[in-house]
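See below for the structure under consideration.
The values are calculated or read from the model by the stated rules, or taken from the named source; none is laboratory data. All values reported here derive from a predicted model rather than from experimental measurement. In this analysis, Cβ positions are derived from the backbone assuming ideal geometry, glycine residues included, and neighbour counts consider all displayed protein chains.
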Amino acid sequence: MSTLPAYVVFGEALTDFIRQSDGRWAAQPGGACWNVACVGVRLGVAAGYAGSVSNDLFGDALYMLAAEAGLDMRFTQRFDAPPLLAMVPSTQPPEYFFIGEGSADLRFDPDRLPVGWRSAAQILHFGCISLAREPLASKLVEVALAAHLAGKRIAFDPNWRNLMTHAAYRDTFHVMAGITDYLKVSDEDLQHLFPGINQREAIAHLRALAPFAQIMVTRGAAGMSLFCDGIEYTQPAFPVTVADTVGCGDAAMGGWMASLLRQPDAAPATHLRFAAATAALVATRTGAYAPCWEEVSSLLAQQITESPHAQ
């Protein structure tokens, strides 16, 4: 592989330990940013996951699955350090905590990325707990700021977690929002990021913080919206049989970026519908499934849904 990818995803990869109904724990490779990268490359976009994983069985699984998905492995680093783990005692309602003191993800070194990667990249993605864990967070903000100044497009998915309650994250969030071209939030993200106000007010605050961004708001079964050039486009959720919703937000983000990169002249409503279809497909599978372009295109062709419309 010689050509460098157009889509580079920065952030954490981790192993989820999910408590099962019988009391046992099931280990599942994941992490929001790692999921986004896998979705992007499975949808036919040349992509790299720019993060680091441990040199043990947990890191082996993440590294192997990333390679199998087709990611550019020159971007993924490995270190002799503990793995980052997410303990999930309950999914309904969601409960979780992270184990990652001195873990491998924190050692990521941007200077070890392939020569010329930034010139080749078109969209850089950032988000989730990688922007709330030092020293990684500061490194990634520096990468994002430099890329923004170089004219690269920045994608940002806050993907709120309980690590983001400290004051330092608020500053990071404001910096990232201010340089972002594509910003995705869920309705739950908005509740945590802008507590005490309703969703419309929260979106108005977000649009003020991210004046140059297209903003996608996902609402689960209630569908999603895209705010672009002063217009709000809406998309109902696709009617599918839901196995679980793990990874749906990551799929929406990856689907949105893949649509932008593969069909750049398409209308905003087309990108929104593609993102919704990608998320719907993931909901039909257990775990953070990454569909291919043909699967999403088939769903789009089969489903008869109300077309997105401007409000």
For residues that are part of a loop (DSSP other than H, G, I, E, B) and either among the hydrophobic types (A, V, I, L, M, F, W, C) or in contact with a strand residue (DSSP E or B) (Cβ under 6 Å, 6 or more places away or on another chain) (or both), scanning just the range 246-286, find the one that is nearest to residue 187 (Cα to Cα).
246
Are any of the residues in the range 215-229 touching a residue at least 60 places away in the same chain (Cβ under 8 Å), more than 20 Å from residue 39 (Cβ to Cβ) and surrounded by fewer than 19 Cβ atoms within 10 Å (Cβ to Cβ)?
no
Do the conditions hold for residue 202, that is, is it touching a helix residue (DSSP H, G or I) at 6+ places or on another chain (Cβ under 7 Å) and of a type in the set (A, V, I, L, M)?
yes
On the given criteria, is residue 54 closer than 18 Å to residue 129 by Cα and over 13 Å from the mean Cα position of the chain (by Cα)?
yes
Taking the range 235-245 as the region of interest, how many residues are outside any loop (DSSP other than H, G, I, E, B) and surrounded by fewer than 19 Cβ atoms within 10 Å (Cβ to Cβ)?
0
Show me the strands (runs of 3 or more DSSP E) found entirely inside the range 1-112 where at least 3 residues are at pLDDT 95 or above.
7-10, 47-54, 76-79
Going residue by residue through the range 94-115, is there one that turns out to be loosely packed, with under 15 Cβ neighbours inside 10 Å, closer than 19 Å to residue 173 by Cβ and among the acidic types (Asp, Glu)?
no
Exactly one of (1) within 24 Å of residue 255 (Cβ to Cβ); (2) loosely packed, with under 15 Cβ neighbours inside 10 Å is unmet by residue 23. Its number?
(1)
Which of the residues spanning the range 177-194 are surrounded by fewer than 17 Cβ atoms within 10 Å (Cβ to Cβ) and of a type in the set (D, E, K, R)?
187, 188
Could you tell me which of the residues 119, 130 is loosely packed, with under 12 Cβ neighbours inside 10 Å and not in a loop (DSSP other than H, G, I, E, B)?
119
Selection from the range 173-208 of residues that are touching a Leu at 6+ places or on another chain (Cβ under 9 Å), of a type in the set (A, V, I, L, M) and within 24 Å of residue 140 (Cβ to Cβ)
175, 176, 177, 179, 183, 185, 190, 193, 206
